[in-house]
Each structure stands twice: as C-alpha cells, then as structure tokens.
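Data block below; observations after.
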Amino acid sequence: MSEIPPAPAENVTPVAQPSVMKKFFTFDKTWKVVILLLVVFFAGGVAGAAVVGRLVRNAAAKALNPSRQTESILARLKSQLKLTDRQVESVRPIVQKATSKFQTMVDETRERSKAELTTALVELNAQLTPEQQEVLKRHISTMQKRAETFRARMAP
C-alpha cells in the first residue's frame, strides 16, 4: 500500500506569536496576584536583611566599646541592685578598671592568635606546591580585606 501524501496547504497564513508583555497581560488574574506577592515577599526579605544587618553591626560596635561597656554594666547594676547615685560613683572606677583589663586581655589574645596563625601558615606553606601556595596567598588576602572592612564598620 502506498501512503497518501498530505494535501497542499492552501491560503494558510502563519499565526503571529504574541509578545511577552501581551502574554503577561493575558495571564489569569490569579497568576498575576501570585507573582506580585512573590515580588513583594522577596523585596521584604531583602529590606529585612539590610535592617537586621545594621542592627547587629550597631549592637556589636556598642558591645566592643569599653566606655559603652562600662556605662551598660553600671546601668544594669543600678537597676538590678537598686544602687544609689553615690554607690554608682563609688563602683564606677571598679567597673572601668575591669572593662579596661578585659579589653587588654582581648587585645593580647588577638595578637597571640595572629602570631600562632602566622606560624601555622608558614608551616602549611612549606608543604604546598607553588600553585597551591598562590591559591592560599589569594585566600589570605581576601580574608584580610574582609577583616579590615569588618573592623572599619565596628569602629566607634
């Protein structure tokens, strides 16, 4: 049996494809609402992350400032222990001395940590190929830049 060839198309005009915008505006109303809600939700998430980031940065800056630490501790002591103004003034030098010593310990620990890290990196570098050393060097540079940026943000 032989196959019957299809009949030639007569006077068939190609159908134009609608544009993307036309397709969007012919969407079902439900889909438009869903897309709008997703956009609003995403925008809210981005804005919320920015606000939380700023709040955390401000809280960290306050926590790392010794004079603010002193005032914060004194305020808590005054409120919780019902200290008189005279007691607050007599306790102030004690709290200042303690926060100052604590800050000194933090600074010393930071310096010792840097020294230990440098020693470890020198030993690590000796075990690496030149290509690996280059990758490590770039990684360290990136981390140092991040640390500098963080410290600049946290500066009072």
Legend entry - Evaluated over segment 103-156, the Cα radius of gyration and Dmax, each in Å: 13.9, 42
Legend entry - Estimated inter-spin distance, residue 40 and residue 131, nm [label 7 Å along Cα→Cβ]: 5.3 nm
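For residue 124 and residue 54, what does the FRET efficiency come to when R0 = 35 Å and r is the distance between their Cβ atoms, rounded to the nearest 0.05?
The pair residue 124/residue 54 has a calculated efficiency of 0.45.
Bear in mind that the values in this text are calculations on the coordinates, not laboratory data. Note that the structure is predicted; figures quoted are calculated from it, not measured. Glycine gets a Cβ as well: all are built from the backbone with ideal geometry, and neighbour counts include every protein chain shown.
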